[in-house]
1. Hey, does the stretch 66-84 have a residue that's over 60 Å from the mean Cα position of the chain (by Cα) and among the hydroxyl-bearing types (Ser, Thr, Tyr)?
2. Could you list, ordered by first residue, the pairs with Cβ atoms under 6 Å in which the first is in the stretch 130-152 and outside any helix (DSSP H, G or I) and the second is among the aliphatic types (A, V, I, L, M) and open to solvent by less than 100 Å² (accessible area, probe 1.4 Å), at least 6 apart or interchain?
3. Among (1) assigned to a helix (DSSP H, G or I); (2) at pLDDT 90 or above; (3) surrounded by 10 or more Cβ atoms within 10 Å (Cβ to Cβ), there is one condition ALA168 misses while meeting the rest; what is its number?
4. May I ask you to list the residues in the stretch 428-456 that are surrounded by 21 or more Cβ atoms within 10 Å (Cβ to Cβ) and not in a strand (DSSP E or B)?
Amino acid sequence: ETLRRIVSTLANKNDEIHNFIDMLNHTIKNVQVNSSNVISELDEEFDGLYSVLDEMKGSMANAIQQEEARKIQALQDQLSQCSNALESSEELLELAAQSLDIKDPVEFLQAARQIKDRVTMASAFRISLKPKVSDSMTHLMVDFTLERRMLEAVKFLPVPKPPEIDLAACVVADNCITVSWKMPEEDSRTDHFVLEYRKTNFDGLPRVKDERRWELIDCIKATEYTLSGLKFDTKYINIRVQACNKAVAGEYSDPVTLETKAFVFSLDSTSSHLNLKVEDTYVEWDPTGGKGQEKIKGKENKSRSGAPSPKRTSIVARSSARGNRDHFTGESYTVLGDTAIESGQHYWEVRAQKDCKSYSVGVTYRNMGKFDQLGKTNSSWCIHINNWLQTTLSAKHNNKTRTLVIPVPDRIGVYCDFDGGQLAFYNANSKQLLYTFRTKFTQPLLPGFMIWCGGLTVSTGLQVPSAVKTHHKSENGLSVSTSSLNNIA
């Protein structure tokens, strides 16, 4: 026996090593792929930087050329004005020199006055002899000292450190998982977080082989996130988180494994009444599925047929192949769940179609006879809804009935605490308690459903809602024990 344990331990260790080798090979491939991706992104960043610099160079060169053209035009305009003034002045000087040679006083005086008037109005006295613009272009010089220092200081953006998942703050309840985490140190550059999760039946570290792919939740700004609307059809869920800044994502946190085990079952079509059409977690009344001699609604069906339908034949064949119990028959329009409850606390929900005339929801021991109905035996408990003439809701056990003056919800929650001996029914939307049976369960329980004229949809794999747990920590005025129900006439 000791040797077997040693060999078993070694075999388990070998499996772990094989799994770790697969993980290492997978990581090596990822490193190669991610390195190529990072180099490509680096090339794109530098190409983008070169493009920005080249565009800025062209824009600045164009500004210099425009300034050059403006200054040259202003100087050329000033040069043209000076040339015109100079030409006019030279004409006056020549005229003045000629006037000095005039001998006639009257003629000389007249010429002198003309020269005086023209000199007074000469453009040479109105022009500025200072250049309108300077030849300096230093105001368009660029100093790249600061930018050069910045470029020289360019380094890889710091990679955010892996977050740390606070396992004590993570909560699994009400078909939701709330995940909480924190950063090992403050990082102002962290922009958002990415959460990944996947379902698994293995406790401990995530495995590479035979696992579902990671589901991703991106752009989480807070350090907490709630995954809602889950169906817990596996025992565990792996969760990991990574921090991201504007350009880079850090390593994932150490993955944590949260237990999400819940009661999952399907409807057992191999034992259901032949007037019921069963598909996984849905059951529907089918008046064409019964045998010719079978009673429907308490009356004999006169149109007997010796040949069973192909559909019914296939159901019987499956029943024989599985070696299951006989089909429910007569007026016991019943189907059971295919998984028994032997311990623990479990919860499931049932939704009825709006036109459903009559249905029951409850549990039973395995010994329920094929003609028995839920709630009419001492080994079955249920609540019954009748919509035939008027809507009524009642609790049934051991062929005793208690009418409940409560509105009938469109969705019913069933809570079974096997060890605590409680079976409770709730309004699944508001979590209002409808009724509670209290007894000591002595055998495994099977979920049971009765349906007539309509259909039921069963939701399994659900966590026990926190409101339901709270109800059963304190006494509720609507709760009635099985013993008191037995005394109802």
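The values are calculated or read from the model by the stated rules, or taken from the named source; none is laboratory data. Since the model is a prediction, treat every value here as computed from it, not as a measurement. Virtual Cβ from ideal backbone geometry, glycine too; neighbours counted across all protein chains shown. In case anyone asks, the SASA skips ligands and DNA or RNA and just uses the protein heavy atoms, side chains included. Shrake-Rupley method; radii C 1.70, N 1.55, O 1.52, S 1.80 Å.
1. yes
2. From residues that are outside any helix (DSSP H, G or I), the pairs are LYS132/ALA74; VAL133/ALA74.
3. All conditions pass for ALA168, except number (3).
4. The answer is ALA428, PHE441.
For (1) among the polar types (S, T, N, Q); (2) within 17 Å of ASN275 (Cα to Cα); (3) open to solvent by 70 Å² or more (accessible area, probe 1.4 Å), each residue gets a yes or a no:
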| residue | (1), (2), (3) |
| --- | --- |
| ASP326 | no, yes, yes |
| GLY330 | no, yes, no |
| SER343 | yes, no, no |
| HIS346 | no, no, no |
| GLU349 | no, no, no |
| SER358 | yes, yes, no |
| GLY362 | no, no, no |
| TYR365 | no, no, no |
| LEU374 | no, yes, no |
